Each structure stands twice: as C-alpha cells, then as structure tokens.
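Scroll down for the structure; my scribbles are underneath it.
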Amino acid sequence: MIKTKSILIALGILVGLFLITFFGTDIVMKIIVGHSNEVQVPLLIGSDYEVARNTCNKMKLYVEQSDLVHDENIEKGKIISQKPNPGIMTKKHRTVHVVISKGPEMVRIPYLDNLSIVEAKLKLENAGLSLGKKVFRYSNEVDKGNIVNSRPMADELIPKKSDVDVVISLGKYTTSSGDDNKWKNLLGE
C-alpha cells in the first residue's frame, strides 16, 4: 500500500513537473520570440495600393489584392477594406488582404436627340442615369417638346447614377412669345 502510494505521488510529481516545464517553456518562448515577431497591422483603407505595399514591406508584411469593385465614393486605385483589420497584432510575413476600388461604375450616355422628354427619361433610367436640368430653346430642326441635345453629349462615359441635362426645343422661332409660356406651363416649368 505504501509502495503504490509512493508510486502515485512520484507520478503526480512527474506529471506536474512535465506540465510546468511544457507550459512554462511555451510562455517563456512567446515572451522571448513572440513579441519581436509581431507587428501591428497598419491602416491601409483610403491608401493607394502601391503606398500600402511599401508601408507593409517596411513592417515585413505582404499585401494581396483580394477583390476589385466599383465604389461611388472611393476613387479608382484606393483601398476600400482590409483583413486583418488595422490595429490588430499579427506575425511578421503574414498577408494583409485588401479590396481595391475601380471607382464609380461608368456608363455611356445614350443618344437622346429628337426624343420626347418621356422617351429620354426612360432611356436614361435604363442606362442607370437620371434626367437633370431642362433648358428650353428654339430649334428649326427639332420639333417642339423634343430633345435638341444633352449635356454631357451622347456617347460620353459618366459615373452611373449621374444627371444628364437636356435642351428641349420650343420649336421654330416665332414672334409670339405667349406660346412659349404656354408650352413651359404644360411641361411643369
């Protein structure tokens, strides 16, 4: 009985020493090696990709583009998001994944010349654009109430969801100006 008790005590002491040595060594190694091998992830959001790469290279981190997306508010080539997040401690030689902006999505302005206001509005909406300001002027070539031209001009690329201003024909120039006011009132101007 004393022999088994002695053996159990000896085994308990050995297991205890093993656990202390194992976890103690792990903790000591983390203190000695771990802190000098970690860096704080920098804030890269809003930076150019090349600037972010240089910043991370100095900190012995890598940068990798994980996605390229359109963003209406962030200009082309700037970083929209990053993982891991800024301020987090990470090991050196790790990769920071970034999403880069393609800028706003660009769309081509459709031809609106000689269309009615309703047709022009529909065509703009189908292109992802909106009808902007309406300016009225006389035109010998375009019928009254139809679009003379657009500003910016047709076929130009502009950011999606932008306004396109139009010039609307008052018809051929006549000396009667009362007709102009009647037409503007009909259009809600």
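For this structure, a couple of remarks:
- Over the C-alpha trace of segment 106-186, radius of gyration and Dmax come out as 13.2, 43 angstrom.
- Seen from every direction in turn and averaged, the convex hull around the alpha carbons of segment 121-160 projects onto 3.3 nm².
- For segment 86-143, the convex hull spanned by the alpha carbon atoms encloses 145 Å³ per residue.
- In segment 1-148, taking the dipole from charged Cβ atoms about the Cα centre, the farthest positive-side position among Gly12, Val98, Ile80 is held by Gly12.
- Proximal charge balance of Lys76 [Cβ under 12 Å; K/R count +1, D/E count -1]: -3
- Summing charges over all other residues whose Cβ lies under 12 Å from the Cβ of His93, with Lys and Arg as +1 and Asp and Glu as -1, gives +3.
- Exceedance of the 23 Å cut-off in Cα-Cα distance is limited, within the set Lys133/Lys160; Lys121/Lys160; Lys83/Lys161; Lys134/Lys161; Lys121/Lys144, to Lys83/Lys161.
- Residues Ile109, Ile117, ranked from the fewest to the most other C-beta atoms within 10 Å, line up as Ile117, Ile109.
- Adding -39500 (n - 2.57) for every DSSP H run of four residues or longer, then dividing by how many residues the chain holds, sets the calculated 222 nm ellipticity at -10000 deg cm²/dmol.
- Reported label for calculated P(r) over Cα pairs in 5 Å bins from 0, in percent given [x] 1, 10, 18, 22, 19, 14, 9, 5, 2, 0, 0; [y] 1, 7, 11, 9, 7, 6, 6, 6, 6, 6, 5, 5, 4, 4, 3, 2, 2, 2, 2, 1, 1, 1, 1, 0, 0, 0; [z] 1, 8, 15, 19, 21, 18, 11, 5, 2, 0, 0: [y]
- In plain terms, the bigger the Kirkwood radius, the slower the diffusion; for segment 1-108, with that radius from Cα pairs, at 10 °C and 1.306 mPa s, Stokes-Einstein puts D at 91 µm²/s.
- Beta bridges by DSSP in the chain, antiparallel share as percent, to the nearest 5: 55 percent
- In Hz, Karplus ³J(HN,Hα) per residue of segment 103-110 (6.51, -1.76, 1.60; θ = phi - 60°; x = Gly, Pro): x, x, 5, 9, 10, 8, 6, x
All of the numbers you see were taken from the coordinates with simple rules; none came from a lab. All of these numbers come straight from a predicted model, not from anything done at the bench. Cβ coordinates were reconstructed from backbone atoms using ideal geometry, including for glycine residues, and neighbour counts include every protein chain displayed.
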